[in-house]
Amino acid sequence: MKAVDKVRALAENENYRKKLAVCYQCGVCTGGCPVAYVKPEYNPRRMLEAIILGQYDEILSSDLVWLCTSCHSCLERCPQRIEVSELLIELRNLAAESGNIPSLLLERAKRIAETGQSTPISRASVVWREKLNLAPISPANVEEIQRILQATNFPGWTERARNQTNGRRS
Amino acid sequence: MDPSLGPSKIGVYVCHCGLNIAGTLDCEALAKYASTLPDVQVARDYRYMCADPGQVQIKKDIKELGLNRVIVAACSPRMHEPTFRKCVSEAGLNPYLFEMANIREHCSWCHPHAGDLASEKAKDLIASAVAKARLLAPLQEIEVGVERSALVIGGGVSGIQAALDLSDMGFQVYLVEREPSIGGRMAQLDKTFPTLDCSICILGPLMVDVSRRNNVKLLAYSEVDRVDGYVGNFRVRVIRKPQYVDPTKCNACGECSKVCPVEVPNEFEAGLGWRKAIYTPFPQAVPPAYVLDDKNCLGLVPLACSKCREACDKSGAQAINYDARPDIIEFRVGTIIVATGYDLLDASEVREYGYGVYPNVMTCLELERMINAAGPTGGKVIRPSDGKTPKRVAFIQCVGSRDERWRAYCSGFCCMYTIKNAVLLKDHYPDLDIHIFYIDMRTNFKGYEEFYRRARELGITFIRGKPAEVSEDPTTGNLVVFSENQMTGRTMSLEADLVVLSQSAVPRVGMDKLARTLNITTDGSGFLLEAHPKLKPIDTSTSGIFISGSAQGPKDIPFSVAQGSAAASRAARILSKDKWRIEPIVSSISRDLCIHGRDPKAACQICVSRCPFQAISAEPGQPAIVNPAKCQGCGTCVAECPHNAITQMHFTDEQIMSQIRELLRSEPEKKILAFLCNWCSYAGADLAGTSRFEYPASVRTVRTMCSGRVDKDFVMAGFMMGAGMVLVSGCRLTDMGSDCHYISGNTWAKKRVETLRRVLEGMGISGERLRLEWISAAEGQKFAELIRDMDQKLQAIGSEKIREENARAKPNLERMLRRTVIPAQIVHA
């Protein structure tokens, strides 16, 4: 299924839709969003409205979904109890499936999938740890981590994303 | 001889209702079928039974054929039962010897494509009505005397209006007010929207008027403690708190207040000012006498200080008496009006706006008192932190309202009072910069939209965007409001030196206690519940008790005044009669079967405890007895009595059993036997038909007044007679409360059905075949979906398995039923 269809399936699922459709566009989500104060184009209220109105392509093609910091101010303040930040994270997953993922995040994701770590352990840090009598960092249990990624459907898109030479630069 | 006694002579009339019924069902064939039923003398079909010719025919047949039972198969009884009852009584037949079969809302409208299945259902519904009619008894409406007086609880503008109207009509009124003075919220306001009338100026004369009427007894500083009785005959007990000041001697000179050493926050000033322990709430207080607040006084027993009495004695009035005690005042009234108003949400709960933490964030009521020339600052609007005049004020709307986290509803008057306050501020301080942050502006009555325009003309800025947060600069006390401005689509932060919050209106403290005292219900939000949201906004489900003003839901002054007059009018309907008639579908206890009559040591009293209207009493050693004037006719006691000693007029066990037998006469394993309560579920099923929602024709309905009436015997009999599934449905019961028209009938129904389900499972009947659901009168769609779901499950289980399970359970069911039910009624033909 194409990512845009998955978004449609999510947004048009009756139970889920009911939770979104109650939005009365008060704007408290945008009003409390730290990103919106820095980047005016980022407007959670508008993004939610776009989902409600079925403008899925727009959401998926822009890189705005990647700017959410998950501070959850919107979710806590929404008078209709809409889980705005959770929706954005969901949209992020779906955007990634259609290759819309900043390259930095894509690389990090690949590294986690391959080595079980998001940042590599440098040789310098190994040396220093010895000098300071700190216990060495135990290597990640790559197999276990990959099983977790498998169970949570992670490889599904990293595989596809891996096949793309670049993620979107952001 | 009374023709209603003796053998039944039944007339059945099948209505076409134009094409509403005739378009789907063959009415002629139905009439022919009806004529084959035993005791049916005549069966006719006609286009519009409720129209004149239809009614004339019924009356003619009653007179000429000596009919003593009449059935009309047509629309819902909730539609035309009163019409036909009147018709038959005009022909000399007791109106309770009439029954309706609902073949429109419950058949033709909801089964337009069911063909034969719809016909079969219509036949069964007619046969069921005929079977019940045979067992109906003539009933006389109960007449009670009417006390020509009314109690009005709450001395705000709504209660005052009700009291004045009733007084004008010549009725004695008791006006009870909790505070030392009447006036309520309106007395606290400065100006009223949209005219900017001075609030106390227009209210004051009404307050004085109501206190001077010969036929109005004003009981201020008092609370209603207990109410017994029933419509026309309420016995009221009021406790008047001790004032310690003799109102006949006090001349309100204020010398006592001057010397009192105690200062407490002034409730009337919304906590902004102080008052003494001996005080009058505001200058125009009615009654005008001072009041000693014994909770804050230094002490009366032992006497700690007596400065006020000394000052009063010195002044010559000698009005203070420390030995005062609470007064108990008892009286009788015919009707009660509840007009107790509203409170405001504690704004500090909405932490994002900093009320209670930042000194310069205030509430609308606090601002109201500040602007008021008689208020704590003499009409000057100042910042609480430093007393300076603000340069920019931000108003924030919907604080706690329209918010699932606090109150889901809209409080109704805040948009308007904020515009009013903004306009007043602009008038007093023309250079003041004012911003109002809103989600929607609700300005929907006379002059309101024009007032909104005026505000914009004055240069008040309206910003669409609910602020996310208010933060403070602690050095200046200035505030920053963070919000999106939807006009620009950009976020903004506005620095203001004063922020005013419009917080949600909430039910008054003590509302639930008062509701219990009066036996009326509150709605999901805690406001008093009206009998019908559209057609009976003033009545409650308890006859003779009415509600008005913000106690029923937040509303502005004209609406409150209108409701006050409306309540007076509804009350006068009763008070203007010598006798008031009550529908006789009440319960009645057999002296022989009640355990209290048979065994002097019996401690049953189950019926007494089940009755939400306290209509049943049981003296020791005496059988329990029902007061028919208090009985509202739910039938819960009938179903709960373990000795089967209680019956309900017009809904007897025998009548209902006879209906069940007819409805399950053929292929019962394919049928869903549904017990629907009159006020909610039956109405919901009607709505499903009216809305033309289609659902399977396998359901067969029995109407009871309340789900509490559904005896476990009915359910057992249903399964014993082979039913596929049984549905018991009533008014909504959730964690938030009960919508039950009779307050608690559905609660007992729930307990009963859940216990019964376990018993039936033990007998081999799968639990899913007995359903308990709550369907409200507005849930037509839900009803249709429910039947579709049940029918689907019924078919999934399959007729064979159902017959098997029923056969296995039958001996047990028969044994249990033989103990309680007249066997002849349940034996299959």
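Brief remarks follow.
- Any chance A:Glu90 is among the charged types (D, E, K, R) and under 20 Å from A:Thr69 (Cα atoms): yes
- Boolean, A:Trp128 is modelled with pLDDT under 85 and away from chain B (no Cβ under 14 Å): no
- Scanning the stretch B:621-677 for residues that are surrounded by fewer than 23 Cβ atoms within 10 Å (Cβ to Cβ), closer than 16 Å to B:Leu817 by Cβ and small (Gly, Ala, Ser) turns up just one, B:Ser658.
- Within the stretch B:574-587, the set of residues being of a type in the set (Ser, Thr, Tyr) and either modelled with pLDDT under 95 or buried (at least 22 other Cβ atoms within 10 Å of the Cβ) (or both) comprises B:Ser587 only.
- When each of B:Lys217, B:Lys241, B:Lys307 is tested for being closer than 30 Å to B:Ser576 by Cβ and in contact (Cβ under 8 Å) with a residue 12 or more places away in the chain, the lone residue that passes is B:Lys217.
- Against the list (1) part of a loop (DSSP other than H, G, I, E, B); (2) within 14 Å of chain A (Cβ to nearest Cβ); (3) surrounded by 18 or more Cβ atoms within 10 Å (Cβ to Cβ), the condition B:Leu494 fails is (1).
- Any hit, the stretch B:546-555, residues being under 23 Å from B:Val146 (Cα atoms) and surrounded by fewer than 24 Cβ atoms within 10 Å (Cβ to Cβ): no
- So A:Val28, is it crowded, with 18+ Cβ neighbours inside 10 Å, more than 20 Å from the chain's Cα centre (by Cα) and within 12 Å of chain B (Cβ to nearest Cβ): yes
- Residues of the stretch B:466-502 that are in contact with a helix residue (DSSP H, G or I) (Cβ under 6 Å, 6 or more places away or on another chain), closer than 19 Å to B:Ala422 by Cβ and free of Cβ contacts under 8 Å to residues at least 60 places away in the same chain: B:Ser483 alone.
- Verdict on B:Ile62 being over 38 Å from the mean Cα position of the chain (by Cα), assigned to a helix (DSSP H, G or I), of a type outside the set (Phe, Trp, Tyr) and within 19 Å of B:Leu136 (Cα to Cα): yes
- Odd one out for A:Asn43, checked against (1) surrounded by 13 or more Cβ atoms within 10 Å (Cβ to Cβ); (2) more than 9 Å from every other protein chain (Cβ to nearest Cβ); (3) within 21 Å of the chain's Cα centre (by Cα); (4) touching a residue at least 12 places away in the same chain (Cβ under 8 Å): (2)
- Of all residues in the stretch B:498-512, those satisfying the criterion of being surrounded by fewer than 21 Cβ atoms within 10 Å (Cβ to Cβ) and not in a helix (DSSP H, G or I) are B:Arg508, B:Val509, B:Gly510.
- Selected residue [at pLDDT 95 or above, surrounded by fewer than 23 Cβ atoms within 10 Å (Cβ to Cβ), out of contact with any Cys (no Cβ under 7 Å at 6 or more places or on another chain) and within 14 Å of another protein chain (Cβ to nearest Cβ)] from B:Glu366, B:Glu349: B:Glu349
- Subset of the stretch B:593-610 that is touching a helix residue (DSSP H, G or I) at 6+ places or on another chain (Cβ under 6 Å) and part of a loop (DSSP other than H, G, I, E, B) - its residue that is farthest from B:His741 (Cα to Cα): B:Ala602
- Test: B:Leu303 is more than 14 Å from chain A (Cβ to nearest Cβ) and either more than 36 Å from the chain's Cα centre (by Cα) or not β-branched (Val, Ile, Thr) (or both): yes
- Within the stretch A:60-74, the set of residues being within 14 Å of chain B (Cβ to nearest Cβ) and without any contact (Cβ under 8 Å) to a residue 24 or more places away in the chain comprises A:Leu64, A:His72.
- Selection count where residues are within 26 Å of B:Ala562 (Cα to Cα), touching a Phe, Trp or Tyr at 6+ places or on another chain (Cβ under 9 Å) and basic (Lys, Arg), scope the stretch B:442-480: 1
- Any hit, the stretch B:30-51, residues being without any contact (Cβ under 8 Å) to a residue 60 or more places away in the chain, touching a Pro at 6+ places or on another chain (Cβ under 9 Å) and not small (Gly, Ala, Ser): yes
- Screening B:Ser729, B:Ser744, B:Ser738 for residues that are within 25 Å of B:Gly689 (Cβ to Cβ), hydroxyl-bearing (Ser, Thr, Tyr) and out of contact with any Lys or Arg (no Cβ under 6 Å at 6 or more places or on another chain) leaves exactly one candidate, B:Ser729.
- Count of residues meeting criterion [assigned to a strand (DSSP E or B), polar (S, T, N, Q) and within 21 Å of the chain's Cα centre (by Cα)] in the stretch B:670-707: 1
- Restricted to the stretch B:719-752, and to residues there that are touching a Pro at 6+ places or on another chain (Cβ under 8 Å) and surrounded by 24 or more Cβ atoms within 10 Å (Cβ to Cβ), the residue that is nearest to B:Thr521 (Cα to Cα) is B:Ile743.
The rows are residues; the columns are (1) in contact with a Ser or Thr (Cβ under 7 Å, 6 or more places away or on another chain); (2) part of a helix (DSSP H, G or I); (3) within 14 Å of chain B (Cβ to nearest Cβ).
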| position | (1), (2), (3) |
| --- | --- |
| A:Asp5 | no, yes, no |
| A:Ala11 | no, yes, no |
| A:Asn15 | no, yes, no |
| A:Tyr37 | yes, yes, yes |
| A:Ala50 | no, yes, yes |
| A:Glu58 | no, yes, no |
| A:Ile82 | no, no, yes |
| A:Glu86 | no, yes, no |
| A:Asn93 | no, yes, no |
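- Scanning the stretch B:84-136 for residues that are of a type in the set (A, V, I, L, M, F, W, C) and touching a His at 6+ places or on another chain (Cβ under 8 Å) gives B:Met100, B:Leu117, B:Ala118, B:Leu125, B:Leu136.
The values are calculated or read from the model by the stated rules, or taken from the named source; none is laboratory data. Keep in mind it's a predicted model, so treat the numbers as computed, not measured. Cβ sites come from the backbone with ideal geometry, for glycine too, and all protein chains shown count toward neighbours.
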